[in-house]
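Before any comments, here is the structure.
The values are calculated or read from the model by the stated rules, or taken from the named source; none is laboratory data. As the structure is a prediction and not an experimental result, all values here were calculated from the model. Methodologically, a virtual Cβ is constructed for each residue, glycine included, from the backbone with ideal geometry; neighbour enumeration extends over all protein chains shown.
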Amino acid sequence: MIGQAHVSDANGTSIAWGETGAGDPLVLIHGFQQSHRSWRRVAPLLADDFRLLMPDLPGHGLSGRPDAPYTLTWYAATIAAWMEAIGVPRAHLCGHSFGGGIVQWMLLEQREKVNRLALVAPGGLGREVGMGLRFATLPGLGRALTPFVIRHVLPIAMRHAAAAFGNPEPEEVDRAAAMNRIPGTDRAFQRSVEGVINLSGQHVQTMDRVREVAALPPIALFWGEDDPIIPVTHGREAFAGFTGVTLTTYPDAGHFPHLDVPADFARDLEGFLRDPHRAPARPPPAG
């Protein structure tokens, strides 16, 4: 674990999480087939100013793998319950990729938990997504291949196409491979993917419901210009016409800017979270 290791029960499962730093609470939510260790390169840079709370999502890392729906609604409710269990009623939320989709869903359904919202190459803002995730939803074949892909193909890809995964250290690849062999991981992955993706791409779009939120928080997006999984155009187009929303891009980063350019990312995230003049997000007039 990064920092002090903890395990808490929430919404019928166990949540393993690391904590380090002091200051305003900042919850960092990782993406598909990652763990809280996705934040390993930026946590030391943020810990002087924030109390970092880094859970392993259910179905990932060292957290439980219940027989659950693994929908965005379920994940959002579980993270909200975990925050209550650890005595953090409200925090800044930062989510990467699928984790970005989860924190957006918390904005829709647990608005009271969200102080400011940071989205790192998030899902849920457009249809396009990497073909590998689409193939996982092939009827019959996707579910049959998922265990083999997660346990055997993914570690090979992390080693031989390392740039696409933020250039992980060899020990991190080994750690991820061990976590992905835990029983129940493939079921969690399959249900998570099918909950938001099909053969035509991402079928759950946060922007379809954003006007339901009476008062949006300040929102910032962070994206690698060379993202091969979720294109940066989603960030440019989804919030067109909004005020109180910024997009910071990194020309030398892919889908993992917090791993590719950690110092730049940490500086920009801290600047967003600590800016006293940052205005709440507001959508353009309807129609």
Quiz item: Considering only region 263-287, how many residues are part of a helix (DSSP H, G or I) and of a type outside the set (Phe, Trp, Tyr)?
Solution: 10
Quiz prompt | Of all residues in region 2-17 being under 24 Å from ARG41 (Cα atoms), of a type outside the set (Val, Ile, Thr) and without any contact (Cβ under 8 Å) to a residue 60 or more places away in the chain, the one that is surrounded by the fewest Cβ atoms within 10 Å (Cβ to Cβ) | solution = GLN4
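Conditions tested, residue by residue: (1) surrounded by 21 or more Cβ atoms within 10 Å (Cβ to Cβ); (2) at pLDDT below 90; (3) among the polar types (S, T, N, Q).
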position: ARG211; (1), (2), (3): no, yes, no
position: LEU221; (1), (2), (3): yes, no, no
position: ILE230; (1), (2), (3): yes, no, no
position: PHE239; (1), (2), (3): yes, yes, no
position: THR243; (1), (2), (3): no, no, yes
position: GLY254; (1), (2), (3): yes, no, no
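Criterion first (within 24 Å of LEU93 (Cβ to Cβ), free of Cβ contacts under 8 Å to residues at least 40 places away in the same chain and within 17 Å of the chain's Cα centre (by Cα)) does LEU269 satisfy it?
The answer is no for LEU269.
State yes or no: is GLY59 without any contact (Cβ under 8 Å) to a residue 60 or more places away in the chain and in contact with a helix residue (DSSP H, G or I) (Cβ under 6 Å, 6 or more places away or on another chain)? Steps first, answer last, please.
Numbers: without any contact (Cβ under 8 Å) to a residue 60 or more places away in the chain: no; in contact with a helix residue (DSSP H, G or I) (Cβ under 6 Å, 6 or more places away or on another chain): yes.
Criteria not met by GLY59.
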Quiz item: Out of region 227-262, which residues are part of a loop (DSSP other than H, G, I, E, B), closer than 26 Å to ARG282 by Cβ and within 17 Å of the chain's Cα centre (by Cα)?
Solution: ILE230, PRO231, VAL232
